[in-house]
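Contents: one structure, followed by commentary.
Quick note: the coordinates plus some simple rules give every number you see, no bench work behind them. On a predicted model such as this, the values are computed, not experimentally measured, just so you know. All Cβ positions, even for glycine, are placed from backbone atoms using ideal geometry, and neighbour counts span all protein chains on display.
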Amino acid sequence: MDINPYAKYLAGQDPLLVLASTAPALHALTEDLSTQQIELPSAPGKWNIREILAHLADCELVFCFRLRQTLAEDHATLQPFDQGLWAERYAAYDFASAMALFQAARNWNLKLLTTVTAADHQRPVTHPERGTMTFWTIVETIAGHDINHLQQIEKIVAAIR
């Protein structure tokens, strides 16, 4: 498995700009959609917009911890998770709650990122499935992950309109 499987989505963009623009992009893409439209998956067996947003909120919670763990511990080992198992409970989450959690956690992470130094960027951390990486690789992974899911939502929205 790649250290950053989402690097191709980032494609040289500044990850901080991507991270700061994701919540506004989510709002812009979904602000005029009905609840029924938010529940439409792009294909059978694929997540709908609400589920994608619940996944983004879950991931932002994970990234909150991973970023702080990497800054606080010497060569920390990250805990992987099975997104499919977490997604089994997404029916419990409404769109507005998922958006609120995502935005609050993202804002918290953006504030943390204003405090990191060039040395912090290079702090090593190990993901058991991906290998050793740096703090900044995590930041780039988050940004690429955002782009991947924004593209999925854009595809769903384009099919609706």
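Evaluated at q = 0.20, 0.23, 0.30 Å⁻¹, the base-10 log of the normalised Debye intensity for the stretch 20-60, with identical point scatterers placed on the Cα atoms, takes the values -0.65, -0.83, -1.12. Between Arg123 and Phe135, Trp136, the built amide H atoms are under 5 Å apart, and every one of these is 5 or more places off in sequence or on another chain. Output the 0 to 90 degree angle, nearest 10, between the alpha-carbon long axis of helix 135-160 and the longest principal axis computed from the alpha carbons of the chain. Around 10 degrees separate the two axes.
Computed on the Cα atoms alone, the convex hull of the chain gives a volume of 115 cubic angstrom per residue. Under 16 Å of direct C-alpha separation, and excluding same-chain neighbours fewer than eight residues apart, Lys8 reaches these aspartates and glutamates: Glu140, Asp146. Mean residue ellipticity, 222 nm, helices only, the chain: the sum of -39500 (n - 2.57) across DSSP H runs of n ≥ 4, divided by residue count and rounded to 500, is -20000 deg cm²/dmol. Here the dipole of the chain is about 100 debye; that uses its Cα centre as origin and unit charges on the Cβ of Lys and Arg (positive) and Asp and Glu (negative).
For the stretch 1-76, applying the loop criterion from DSSP together with a ceiling of 16 other beta carbons within 10 Å to the GluC sites (Glu not before Pro) yields Glu31, Glu39, Glu73. The alpha carbon centroids of the stretch 19-55 and the stretch 132-161 are separated by 12 Å.
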